[in-house]
Amino acid sequence: NLQGLLKKGLLYYHLENNKLANESIDLAKKTYPNSKEVYLYRASLLAKSTEKYDEALKIIDSALQIDPSYIGAYIEQGSVYNSQNKYFEAINSFSKAIDIDSLNEDLYSSRAIVFYRIDSIILALNDYQKVIELDPEKLLAHYDIGVIKCKIDLFEDAIMSFEKVLEIDSTNVNAINY
C-alpha cells in the first residue's frame, strides 16, 4: 500500500540508505502516479538527503498541481526555502498554509522562526502569540518569546515567559539557564 511504501522510504532515509529510500519512493510513484503524498516524500528526501533544493521545489509544485490546497506541500516548500535562506519565499509558503488552516499552531511557529531570522521581531512575536492563543501549553513558543524579549531588552517580560516555560516543564534546562 502507499503508506507502507512511503514509510519504508522514510525509514531507509533515517537509516542513511538513500538508494533504498529512493527506490521505495520510486515504486510508490509508479504504483500511485497521481498521489500528492508521493511527490511530497520525494521532494523531502531530495532536500534533506542531497540538498537538491531546486529539484525538490519542482516536485512540490507538481504536488500542488494535483491539489492546490495541499498544506503539506506548502510546509515542505517553506522548509526548503528556509534551508536555502530564501526567507521571504518561506514566509510566503507558510502564509499560504495558514490561509488554508488558520488553526494549526505549528504553521505559525514555522513562520515565526523565519520572521525571527530576518529580524522581523514584531511579526515573530505576533506569530508566537498566535501559537499560544491556539495552544497555551506550547512550551517552545513561550521559550522563543522569552528569547526574543531578551534580545529587545524587555527582561521582565522575558522572565515571565521563562517562568511560564518552567510552569509547563519545571525541568526545562534552557529556561532555567537563560
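When restricted to Cα atoms, segment 1-62 yields an Rg and a Dmax of 10.4, 29 Å, respectively.
Going by accessible surface with a 1.4 Å probe and the largest first, 31, 171 read 171, 31.
Under a no-solvent Debye model with one identical scatterer per Cα of segment 71-121, what's log10 I(q)/I(0) at q = 0.28 Å⁻¹? Log10 of I(q)/I(0), two decimals: -1.03.
So if R0 is 45 Å, what FRET efficiency would residue 157 and residue 3 give, r being the distance between their Cβ atoms, rounded to the nearest 0.05?
Working: r = 45 Å, r/R0 = 0.99.
It comes to 0.50.
The string of couplings for segment 89-99 from the Karplus curve (6.51, -1.76, 1.60, θ = phi - 60°) is 5, 4, 4, 4, 5, 5, 5, 5, 5, 5, 4 Hz, one whole number per residue in order, with x for Gly and Pro. Relative to the Cα centre, the charge distribution of segment 25-178, modelled as +1 at Lys and Arg Cβ and -1 at Asp and Glu Cβ, gives a dipole magnitude of about 660 debye. In segment 108-178, the C-alpha radius of gyration followed by the widest Cα-Cα span (Dmax) gives 11.2, 31 angstrom.
For the chain, what does the equivalent ellipsoid look like in terms of its semi-axes, each the square root of 5 times an eigenvalue of the Cα gyration tensor, given largest first in whole Å? The partial results should precede the final answer.
On the way: eigenvalues 243, 62, 42 Å².
Over the Cα atoms of the chain, the ellipsoid semi-axes are 35, 18, 14 Å.
Couplings 3J(HN,Hα) of segment 167-178, computed from phi: 5, 6, 9, 5, 9, 5, 4, 4, 5, 5, 7, 6 Hz, in residue order, whole Hz [Karplus 6.51 cos²θ - 1.76 cosθ + 1.60, θ = phi - 60°; x for Gly and Pro]. In summary, the aspartates and glutamates within cross-link reach of residue 138, defined as a Cα separation below 19 angstrom excluding same-chain residues under 8 places away, comprise 101, 105, 106, 127, 157, 163, 167, 169.
Determine the share of segment 17-145's accessible area contributed by carbon and sulfur atoms, expressed in whole percent, with a 1.4 angstrom probe. Write out the running numbers ahead of the final one.
Working: 3190 of 6500 Å².
After summing per-atom areas, the C and S share lands at 49 percent.
Using only the Cα atoms, work out Rg/Rh for segment 32-76, with Rh taken as the Kirkwood radius, to two decimals. Don't jump to the answer; show the numbers that get you there.
Details: Rg = 9.4 Å, Rh = 10.0 Å.
Rg divided by Rh gives 0.94.
Top mean-square fluctuation among 122, 25, 132, Gaussian network model of the chain, C-alpha springs under 10 Å? Maximum fluctuation in the GNM of the chain, among the listed residues, is at 122.
With only Lys, Arg, Asp and Glu charged, each at its Cβ (+1 for the first two, -1 for the last two), find how big the charge dipole of segment 1-96 is about the Cα centre; round to the nearest 20 debye. Mind dumping the intermediate values first?
Numbers: 12 positive and 11 negative charges, 37 e Å.
Value, rounded to 20: 180 debye.
Across segment 161-166, coupling constants 3J(HN,Hα) worked out from phi with the 6.51/-1.76/1.60 Karplus curve, θ = phi - 60°, read 5, 5, 5, 5, 4, 5 Hz, and Gly and Pro carry x. For the chain, the solvent-accessible area of protein heavy atoms averages 56 Å² per residue (probe radius 1.4 Å; ligands and nucleic acids excluded). Toward the positive end of the charge dipole of the chain, about the Cα centre and with charges on Cβ (Lys, Arg +1; Asp, Glu -1), which of 126, 31, 75 goes farthest? Of the options given, the answer is 31. Between the beta carbons of residue 95 and residue 48, assuming R0 = 22 Å, the FRET efficiency works out to 0.45 to the nearest 0.05.
The values are calculated or read from the model by the stated rules, or taken from the named source; none is laboratory data. Owing to the predicted nature of the structure, the values given are computational and were not obtained by experimental measurement. For neighbour counting, all protein chains shown are included, and Cβ atoms are generated from backbone atoms with ideal geometry for every residue, glycine included. Note: accessible area is taken over every heavy atom of the protein model, side chains too, but ligands, DNA and RNA are not part of it. Shrake-Rupley method; radii C 1.70, N 1.55, O 1.52, S 1.80 Å.
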